[in-house]
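The values are calculated or read from the model by the stated rules, or taken from the named source; none is laboratory data. Everything quoted here is computed from the prediction, not taken from an experiment. With ideal geometry, Cβ positions are generated from the backbone for all residues, glycine too; neighbour counts draw on all protein chains shown. Accessible surface is based on the protein model in full, side chains and every heavy atom, while ligands, DNA and RNA are left aside. Shrake-Rupley method; radii C 1.70, N 1.55, O 1.52, S 1.80 Å.
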Amino acid sequence: MTTFVDRVELHVAAGNGGHGCASVHREKFKPLGGPDGGNGGRGGDVILTVDQSVTTLLDYHHSPHRKATSGKPGEGGNRSGKDGQDLVLPVPDGTVILDRAGNVLADLVGQGTTYVAAQGGRGGLGNAALASARRKAPGFALLGVPGDLQNIVLELKSVADVALVGFPSAGKSSLISVLSAAKPKIADYPFTTLIPNLGVVTAGETVYTIADVPGLIPGASQGKGLGLEFLRHVERCSVLVHVLDTATLESDRDPLSDLDMIEAELREYGGLDNRPRVVVLNKTDVPDGKDLAEMVRPDLESRGYRVFETSAVAHIGLKELSFALAGLVAKSRAAKPKDESTRIVIRPKAVDDAGFTVTREEDGLFRVRGEKPERWVRQTDFSNDEAVGYLADRLNRLGVEEKLMKAGARSGDGVAIGPEDNAVVFDWEPTVMAGAEMLGRRGEDHRLEEPRPATQRRRDKQAERDEITKEFDDFEPF
């Protein structure tokens with residue numbers, strides 16, 4: 001059964017914003033109570049946060065679909081809807097967030113580091129908030145904005161100071177078990193280690209972490225064995241330790257060829273050339289291993305490597321190795337720039353930046369793109385003529401009509417607001433700002449010559465009632 005997962009695809013959905021409420025206050029002896037519809041609540045965000053107690057992405061492997069709660073709709077009596085609750089997802093330290101194309105969105109390192117993976121939708125305004133001197137009793141409210149839907153990839157890269165790399169059964173797990181309190185699985189067959197193991201080592205005043213990476217074989221950088229799956233765990237390490245087996249029983253292997261092969265795989269993977277290297281000749285408690293270590297040590301030192309002869313079984317050379325690694329780790333930490341306090345960067349919008357664009361496409365369609373126009377369209381109830389008229393007013397105030405005219409749009413031309421896969425398309429008719437005289441009954445707008453079905457039904461019912469009332473008034477008793 002899988003107990004360690006370091007790469008998953010996660011589908012997250014933020015909460016939708018609650019719809020605003022269109023309501024009129026009704027109370028005895030107060031026929032003109034005015035609008036009292038409340039605003040909708042905000043949808044919850046999906047937030048990833050680093051939690052040191054989490055070490056794997058296993059939970060998201062089994063449950064890859066996560067959704068925050070939506071905001072509640074507003075109610076009459078000026079009661080706003082409840083905001084949706086944020087969904088906080090804990091992830092291990094060192095988690096990298098990517099999109100499906102492989103672009104890095106965030107690198108979460110350090111306890112409490114957060115990233116908003118999906119933004120909750122904004123709640124719609126109720127008709128009480130939309131009332132103005134010109135529109136005293138709006139017969140509509142704004143809809144809530146849908147929350148973001150995101151497909152992201154989570155990759156775990158272990159946060160360790162030292163990485164042990166080498167062939168399977170080179171003794172890496174044995175070394176980490178005697179250098180630290182870690183208890184990895186140890187056996188006399190290849191690929192005993194199936195997951196990266198982390199241990200904490202104390203050498204003098206320096207405390208550092210050491211990672212045992214599953215064994216590498218030729219072709220690991222192309223995915224053979226377990227190499228490609230776990231090579232990412234050495235990317236953050238400051239020091240690389242080559243653990244070479246001096247007592248191998250394979251006739252076609254020796255410490256020098258093992259080192260050359262591992263270095264070739266690291267170069268092929270990329271990004272590790274600047275890390276200091278240390279060579280550990282392991283299993284020197286075996287007589288043949290001791291002899292072989294003495295033979296290859298001069299050659300390794302001539303290449304510029306610091307060489308240590310060790311034995312995890314006999315506890316030979318461990319103290320010297322741990323203090324040498326502590327010195328390299330301390331040097332690497334001192335060379336890193338100090339963390340600066342977060343600076344607030346203010347980037348004011350340019351004076352001529354309208355916040356939207358108007359482009360003419362090959363088929364003659366004019367497309368409007370921008371955060372405000374697209375959000376306003378999503379918030380509009382197109383079954384309500386007054387809401388559609390309010391949208392036209394907002395777009396006009398923003399300057400959309402002026403830009404359409406400059407782009408060459410004429411009456412009857414097609415205009416799309418939004419992306420190609422989710423746009424509202426309509427035939428453009430230039431309008432002017434509506435005055436109070438343009439507003440009809442609640443939910444209507446006289447600028448729309450052909451009433452919509454819902455509006456027409458309301459008018460038909462009102463005409464029927466007027467006809468019945470007229471007949472009753474004309475009735476003369478005998």
Query raised in the report: Of the heavy-atom accessible surface of the range 85-147 (probe 1.4 angstrom), what whole percent is carbon and sulfur?
Result: 53 percent
Requested in this report: Please give the per residue accessible area of the range 60-170, computed with a probe of 1.4 Å over protein heavy atoms only, in Å².
Outcome: 45 Å²
**Report entry** Restricting the range 274-315 to GluC sites (Glu not before Pro) in coil, as DSSP defines it, with at most 15 other Cβ within 10 Å
**Finding:** none
Report summary line: Given backbone amide H placed at 1.01 Å from N, residues whose amide H is under 5 Å from that of Val91, ignoring those fewer than 5 places away on the same chain, are Thr49, Val50, Asp51
Report task. On a C-alpha basis, how far is the centre of the range 244-302 from the centre of the range 77-137 in Å? Whole number, if you could? Result -> 52 Å
Query - Derived scalar couplings ³J(HN,Hα) [the range 376-386; Karplus, 6.51 cos²θ - 1.76 cosθ + 1.60; whole Hz; x for Gly, Pro] - result: 4, 5, 5, 8, 8, 8, 6, 7, 10, 4, 5
Report task. May I ask you to derive the relative contact order of the range 1-93, considering only C-alpha pairs under 8 Å and at least 6 residues apart, and to give it as an integer percent? Result -> 39 percent
Query raised in the report: How do the peptides 71-79, 316-324, 25-33 rank, highest first, by the average count of neighbouring beta carbon atoms within 10 Å per residue?
Result: 71-79, 316-324, 25-33
Query raised in the report: What is the calculated FRET efficiency for Arg306 to Gln52, with r their C-beta to C-beta distance and R₀ = 35 Å, to the nearest 0.05?
Result: 0.65
Report task. Evaluate the relative contact order of the range 272-343 (contact order divided by residue number), counting alpha-carbon pairs under 8 angstrom at least 6 apart; express in whole percent. Result -> 29 percent
Query raised in the report: Amide H to amide H, which residues 5 or more places from Leu105 or on other chains are under 5 Å from it, using H placed in the peptide plane?
Result: Ile97, Leu98, Asp99
Report task. Let me have the relative contact order for the range 39-187, percent, based on Cα pairs under 8 Å that are six or more residues apart. Result -> 26 percent
Report task. Kindly rank 377-385, 14-22 from highest to lowest mean number of other beta carbons found within 10 Å of each residue. Result -> 14-22, 377-385
Report summary line: Ordering 404-415, 99-110 by per-residue average of other C-beta atoms within 10 angstrom, highest first, gives 404-415, 99-110
Query raised in the report: Residue by residue, what Karplus-based ³J(HN,Hα) values in Hz, rounded to whole numbers, does the range 400-411 have, using 6.51, -1.76 and 1.60 with θ = phi - 60° and x for Gly and Pro?
Result: 5, 5, 5, 5, 4, 5, 5, 7, x, 6, 10, 4
Query raised in the report: Per-residue HN-Hα couplings for the range 304-312, Karplus 6.51 cos²θ - 1.76 cosθ + 1.60 at θ = phi - 60°, whole Hz, x for Gly and Pro?
Result: x, 8, 7, 10, 10, 9, 9, 8, 5
Report summary line: Long-range amide H partners of Asn78, meaning residues 5 or more apart or on another chain whose placed amide H is closer than 5 Å, are Gly37, Gly38
